[in-house]
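*Asks:* My questions all concern the structure below.
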Amino acid sequence: MTGFRRRLLLFFLLVAPPTLLYAKPTVWEGGNNKHVQVKKQQQQPAPFRSPVVLIPGDGGSQLEAKLNKSSSPHYFCDKTTDDYFDLWLNIELLVPYVLDCWVDNMKLLYHKENNTVTNNMGVDIRVPGFGDTETVEWLDVSHASISSYFTHIAEALVQAGYTRGVDIRGAPYDFRMSPYRRDVDFPMFKQLIEETYYKNNHSRVVLVTHSMGGPYALLFLNSMEQGWKDKFVKSIIALAGPWGGAAKTMRLYISGDNLGIYVVNPLVLRPEQRSFPSSAWMMPYESLFDPNEPLVFTPDRNYTVRDYAAFFQDLEYEQGWMMRRETEGLISDLTPPGVTVHCLHGNKVKTPYQFSYTAKEFPDLQPTTIYGDGDGTVNLNSARGCLRWREQQKQPVFYQTFEGAEHMKILANQTVIEYIKDVVFSPDAGES
């Protein structure tokens, strides 16, 4: 790859280099819950510290692939490889033309007869580094700054006395297939949490999640007995959780999402984005989005959260509707997790909310976007979904917003990091 092309890609890639944002927090208080005070400085870590498991969101885990394909989109695309190679995030693959090869390797095949998905034919994909933090700290093995993910949080905890692989662990998973792979992922989550608990003098674990990792952790906790949660889990710190989905998935299904890489045509990415069950799972939910308010406007008809069957029919993408039906009931009622919750997210960032298409634009061109409040990805009404748990579980639910903290940059927000340190260094009062 030429130096120019690489620099161009670095400039336009999905995630800008995280910066430490000193956002002024605003606090919502209600019920009998007391707000956890965030210390401006942790001069000396307390003797006690809770072990931490990091659970990433959509796109937050590295993926490796091995190929044995009979065909490919272009003659220059590899059809076979001797070993596994870095697939996500691999910056060098996200350039025009080569991107077609990448899409063909990333996309999933849907099987209508049993409502399952598999990798594309001749593609074997694995998730490296389970239990370690490397593959959730950095999404590209090159450690390019744009691929920084849980890096700042992990490094802050290490500087405060934590040890990677001992009391700070990572739980990566195949984000494309979630929640279809929960029968594989959840036993691994359970084993990792138990192992971390026993490895750290029977200290209960704090789960730190980001984005879709929040709902996925919620689904996991809902699957566990209360006695298990009381014994092994101290709390969950959910950053930027889309508890009711995100409106921008509507645009993804219609005309694709170039992920902020301006040199990439979103239509090239659309086939693989549509093929992910996680995309269907993260569509807006009626429980948190107004069912009478259209999310998509077109000359022929508008679409609300109650119109998904017609939406996919008009897109001629039946499998999208089938995946949505399979996944929407998993968290639609937002059953409380049964553990102490710290729900943190940004606000007052321009966030896609509605999409207006002309007849010419629908479905293959980008629409006019109407924005609302949120963190740039998750709409405010979705991010606030965790508040309902205050009246639904005995364990406390703490809630705090960080003005101007964008969806990805919240992971490097110094005030958020200090909040996390305050929680993990606070003594554990015992079982919830």
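The values are calculated or read from the model by the stated rules, or taken from the named source; none is laboratory data. This one's a predicted model, so the numbers in the text were calculated from it and none came from an experiment. Glycine also receives a Cβ, built like all others from the backbone with ideal geometry; neighbour counts cover every protein chain displayed.
*Asks:* Could you say whether any residue in the stretch 424-431 is among the hydrophobic types (A, V, I, L, M, F, W, C), modelled with pLDDT of 95 or more, within 23 Å of residue 160 (Cβ to Cβ) and buried (at least 21 other Cβ atoms within 10 Å of the Cβ)? Can you show your working first?
*Replies:* Going residue by residue through the stretch 424-431, those that are among the hydrophobic types (A, V, I, L, M, F, W, C) are 424-425, 429.
Narrowing further to those that are modelled with pLDDT of 95 or more: 424-425.
Cutting the leftovers down to within 23 Å of residue 160 (Cβ to Cβ) gives us 424-425.
Still in the list and also buried (at least 21 other Cβ atoms within 10 Å of the Cβ): 424.
For the stretch 424-431, residues among the hydrophobic types (A, V, I, L, M, F, W, C), modelled with pLDDT of 95 or more, within 23 Å of residue 160 (Cβ to Cβ) and buried (at least 21 other Cβ atoms within 10 Å of the Cβ): present.
*Asks:* Follow-up. Tally up the residues in the stretch 249-270 that are surrounded by 19 or more Cβ atoms within 10 Å (Cβ to Cβ), assigned to a helix (DSSP H, G or I) and among the aliphatic types (A, V, I, L, M), please.
*Replies:* Adding up the residues that qualify gives 4.
*Asks:* Mind checking which residues of the stretch 347-402 are part of a helix (DSSP H, G or I) and of a type in the set (Asp, Glu)? So that I can check it myself, show each step before the final result.
*Replies:* Kept after step one, since they are part of a helix (DSSP H, G or I), are these residues of the stretch 347-402: 380-391.
Within the stretch 347-402, just 391 meets the criteria.
*Asks:* If you go through the stretch 140-152, how many residues are in contact with a strand residue (DSSP E or B) (Cβ under 7 Å, 6 or more places away or on another chain) and either in a loop (DSSP other than H, G, I, E, B) or over 22 Å from residue 177 (Cα atoms) (or both)?
*Replies:* 5
Rundown of residues vs (1) surrounded by 19 or more Cβ atoms within 10 Å (Cβ to Cβ); (2) under 22 Å from the mean Cα position of the chain (by Cα); (3) at pLDDT below 95, yes/no style:
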{"site": "353", "(1), (2), (3)": "yes, yes, no"}
{"site": "379", "(1), (2), (3)": "yes, yes, no"}
{"site": "391", "(1), (2), (3)": "no, no, no"}
{"site": "399", "(1), (2), (3)": "yes, yes, no"}
{"site": "404", "(1), (2), (3)": "no, yes, no"}
{"site": "418", "(1), (2), (3)": "no, yes, no"}
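*Asks:* Only one residue in 410, 370, 420 is touching a Leu at 6+ places or on another chain (Cβ under 6 Å) and β-branched (Val, Ile, Thr), so which one is that? Step through it out loud before you land on a result.
*Replies:* Numbers: 370 fails: touching a Leu at 6+ places or on another chain (Cβ under 6 Å); 420 fails: touching a Leu at 6+ places or on another chain (Cβ under 6 Å).
It is 410.
*Asks:* Suppose the filter is buried (at least 22 other Cβ atoms within 10 Å of the Cβ) and closer than 17 Å to residue 331 by Cα; does residue 149 pass it?
*Replies:* No: the conditions fail for residue 149.
*Asks:* Check the stretch 56-78 and report whether any residue there is at pLDDT 95 or above, at positive phi and under 23 Å from the mean Cα position of the chain (by Cα).
*Replies:* There is at least one residue in the stretch 56-78 that is at pLDDT 95 or above, at positive phi and under 23 Å from the mean Cα position of the chain (by Cα).
*Asks:* Please verify whether residue 224 is of a type in the set (A, V, I, L, M, F, W, C) and either part of a loop (DSSP other than H, G, I, E, B) or within 18 Å of residue 425 (Cα to Cα) (or both), treating the condition exactly as stated.
*Replies:* Working: of a type in the set (A, V, I, L, M, F, W, C): yes; either part of a loop (DSSP other than H, G, I, E, B) or within 18 Å of residue 425 (Cα to Cα) (or both): yes.
Spelling it out, residue 224 is indeed of a type in the set (A, V, I, L, M, F, W, C) and either part of a loop (DSSP other than H, G, I, E, B) or within 18 Å of residue 425 (Cα to Cα) (or both).
*Asks:* Would you please name the residue that is surrounded by the most Cβ atoms within 10 Å (Cβ to Cβ), looking only at residues in the stretch 297-346 that are of a type in the set (Gly, Ala, Ser) and assigned to a helix (DSSP H, G or I)?
*Replies:* In the first step, residues of the stretch 297-346 are kept if they are of a type in the set (Gly, Ala, Ser); the result is 309-310, 320, 329, 332, 338, 346.
Among the residues that remain, those that are also assigned to a helix (DSSP H, G or I) are: 309-310, 320, 329.
On the way: 309: 12, 310: 13, 320: 22, 329: 8.
My answer is 320.
*Asks:* Residue 172 versus (1) within 14 Å of the chain's Cα centre (by Cα); (2) surrounded by fewer than 22 Cβ atoms within 10 Å (Cβ to Cβ): which is the lone unmet condition?
*Replies:* The failed condition is (2).
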